[in-house]
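Here is the structure we will look at, set down as structure tokens.
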Amino acid sequence: TSAFDGENKEFYTIEPRQTGPGRFGGTLRRYSYPAFNTQNKLNLAQLGFRSVIDPKGSLLYVAVATNALTLSPLMNDRASAVGNVAIFDLKALRDAPPKDGTELKPVGTISIGATIQGLELSADGKS
């Protein structure tokens with residue numbers, strides 16, 4: 001999954017990272033735009049499969065799979081899985097970039113516990 005922050009000229013991607021036999025987390029990569037230079041490469045405890053940025057709030061919302069193995073057959077298409085939404089503070093990431101390989105902790109989690117097919121923010125940022 002990927003998300004573009006036009007206001008801060010950054011591009012984010014999340015890719016799978018094997019954490020053990022049959023276990024997956026994610027890797028969040030932050031790039032500058034338009035040069036696409038790598039700014040950070042950080043670990044996520046869970047594999048993200050949908051993402052969206054709130055540029056005004058400097059937040060990254062990521063749908064994370066509670067069981068990443070259920071994503072395997074769909075990872076290269078429009079993936080969906082049972083999961084939750086993790087929220088990451090991009091301002092803190094910009095202000096004090098952690099070392100590559102650091103596990104990025106969410107500032108909050110929205111418990112869904114059901115299949116997430118998509119992830120979007122409303123135009124007014126209230127829902």
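Structure values in brief
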{"read-out": "Stretchable slack from Asp54 to Arg94, in nm (0.36 nm times residue separation minus alpha-carbon distance)", "value": "12.9 nm"}
{"read-out": "Helical contribution to [θ] at 222 nm, DSSP H n ≥ 4, -39,500 (n - 2.57), averaged over the chain, rounded to 500", "value": "-1000 deg cm²/dmol"}
{"read-out": "Accessible surface of the range 18-68, 1.4 Å probe, proportion on carbon and sulfur as whole %", "value": "46"}
{"read-out": "Longest site-free stretch - the chain; sites: trypsin sites (Lys or Arg not before Pro), DSSP loop, at most 12 other Cβ within 10 Å", "value": "10-55"}
{"read-out": "For the chain: relative contact order, % (alpha-carbon pairs under 8 angstrom, 6 or more apart)", "value": "20"}
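The values are calculated or read from the model by the stated rules, or taken from the named source; none is laboratory data. Every value quoted in this text rests on a predicted model; they were computed, and no experiment measured them. Ideal geometry is used to build each Cβ from the backbone, glycine not excepted, and the neighbour counts take in all protein chains shown. Ligands, DNA and RNA are excluded from the accessible area calculation, which covers all protein heavy atoms including side chains. Shrake-Rupley method; radii C 1.70, N 1.55, O 1.52, S 1.80 Å.
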